[in-house]
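Everything below concerns the one structure shown next.
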């Protein structure tokens, strides 16, 4: 069980009382958005690192195309993982574990903090 699974079930538990029909969609979107932000952060970091080391690995347009393809893979993977049988298995594992809860505001601020880091690194390029 990963930290993304724990975040997913925290969001599902929070939104289950407020938006029962859309709780799983919101949680899946959140996990996908968070993973895409982390992916973009890594991409910008390595782009800055390779530029500083004078290594020409790929052009910027090819990097963006690779990022968009990776985002599509992340959304598809999370859609498959959190919409079917695997979600039920993860839910059972979550019930057996000690319940970890995170503040909903901290969970929603996390991707935006990462976006701020991305902006800072992107300006350094």
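A few notes on this one:
- When residue 106 is tested against the conditions (1) within 18 Å of residue 13 (Cβ to Cβ); (2) touching a residue at least 24 places away in the same chain (Cβ under 8 Å); (3) in a helix (DSSP H, G or I), the lone failure is (2).
- Scanning the stretch 3-22 for residues that are closer than 16 Å to residue 80 by Cα and surrounded by fewer than 20 Cβ atoms within 10 Å (Cβ to Cβ) yields 4, 5.
- Residue tally, condition assigned to a helix (DSSP H, G or I) and in contact (Cβ under 8 Å) with a residue 40 or more places away in the chain, over the stretch 116-125: 5
- Tally of residues being surrounded by 12 or more Cβ atoms within 10 Å (Cβ to Cβ) and at pLDDT 90 or above across the stretch 46-70: 4
- The helices (runs of 4 or more DSSP H) located wholly in the stretch 20-102 that include 2 or more residues which are under 23 Å from residue 120 (Cβ atoms) occupy 23-52, 60-81.
- Condition broken by residue 113, with the remaining ones in (1) touching a helix residue (DSSP H, G or I) at 6+ places or on another chain (Cβ under 7 Å); (2) assigned to a helix (DSSP H, G or I); (3) modelled with pLDDT of 80 or more satisfied: (1)
The values are calculated or read from the model by the stated rules, or taken from the named source; none is laboratory data. Note that this is a predicted model, so its numbers are computed, not measured. As a convention, Cβ positions derive from the backbone with ideal geometry for all residues, glycine included, and neighbour counts pool all protein chains shown.
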